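This report concerns only the one structure given below.
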Amino acid sequence: MPIGSVYSPDMNGETDLKTLLATMRPVLGARPYIFTTLSQGDYDRLPFAPLGMFREVEGITVIATQEQASTCGLAFDATWACITLAVHSALTAVGFLATITARLAQAGIPVNPISAYYHDHLFVPWERREEAMRILE
């Protein structure tokens, strides 16, 4: 089977901002996550598959559970909650994350958004997760 041959009836996702905001449901993840940076060699030796990674010139950013990081001795300076915005937003949607992150910014809540194919995910400080959920709901 060729790569990318999985059929999905709704591959494109929603682009209308009003529809996205009206139908979005925030879902709070149960575990704290961390962000850290590793060299290529250290990344290659990880005994787990991280939730996410991104290559930068300075190093590889890794998103992992706090438990995974602690077990492996990975350095981190904060813990983050992952809030998934449960609506299939298109990667080409305009203003969705800007509207949401602006609301969180008004409350002084830092946010690290990550857009995946089907959903957007917001990482907010673990200790402010419930406040962020109230704002998003």
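The values are calculated or read from the model by the stated rules, or taken from the named source; none is laboratory data. The shown structure was predicted, so the numbers you read here are calculated from the model rather than taken from an experiment. Here the Cβ positions follow ideal geometry from the backbone for every residue, glycine too, while neighbour counts run over all protein chains shown.
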Practice task
Please identify the pairs in which a residue from the range 112-137 that is without any contact (Cβ under 8 Å) to a residue 60 or more places away in the chain and surrounded by fewer than 18 Cβ atoms within 10 Å (Cβ to Cβ) has its Cβ atom under 6 Å from the Cβ atom of a residue that is β-branched (Val, Ile, Thr) and not in a helix (DSSP H, G or I), counting only partners at least 6 apart or on another chain.
Solution key: HIS119/THR84
Exercise for the section: Only one of these is closer than 27 Å to ASN12 by Cα and in the same structural domain as GLY13 (by TED's automatic domain parsing): ALA86, ALA132. Name it. Expected result: ALA86
Fill in the blank from the handout: Among (1) among the polar types (S, T, N, Q); (2) outside the structural domain of THR37 (by TED's automatic domain parsing); (3) surrounded by fewer than 17 Cβ atoms within 10 Å (Cβ to Cβ), SER70 falls short only on (2)
Exercise for the section: Report the residue count in the range 45-90 for those that are in a loop (DSSP other than H, G, I, E, B), at pLDDT 95 or above and not hydroxyl-bearing (Ser, Thr, Tyr). Expected result: 15
Handout entry: Filter result for GLY73 (small (Gly, Ala, Ser) and at positive phi)
Key = yes
Handout entry: When residues of the range 6-34 are limited to those that are in a loop (DSSP other than H, G, I, E, B) and in contact with a strand residue (DSSP E or B) (Cβ under 6 Å, 6 or more places away or on another chain), the one modelled with the lowest pLDDT
Key = GLY13
Completion exercise
Subset of the range 50-109, residues within 19 Å of GLU130 (Cα to Cα), small (Gly, Ala, Ser) and touching a residue at least 24 places away in the same chain (Cβ under 8 Å), comes to ALA78, ALA81, ALA86, ALA107
Problem - Residues of the range 34-62 classified as buried (at least 16 other Cβ atoms within 10 Å of the Cβ) and either under 17 Å from GLY73 (Cβ atoms) or charged (D, E, K, R) (or both), total - result: 10
Fill in the blank from the handout: Restricted to the range 108-128 and to residues being in contact with a helix residue (DSSP H, G or I) (Cβ under 6 Å, 6 or more places away or on another chain) and in a loop (DSSP other than H, G, I, E, B), the residue nearest to ALA30 (Cα to Cα) is VAL111
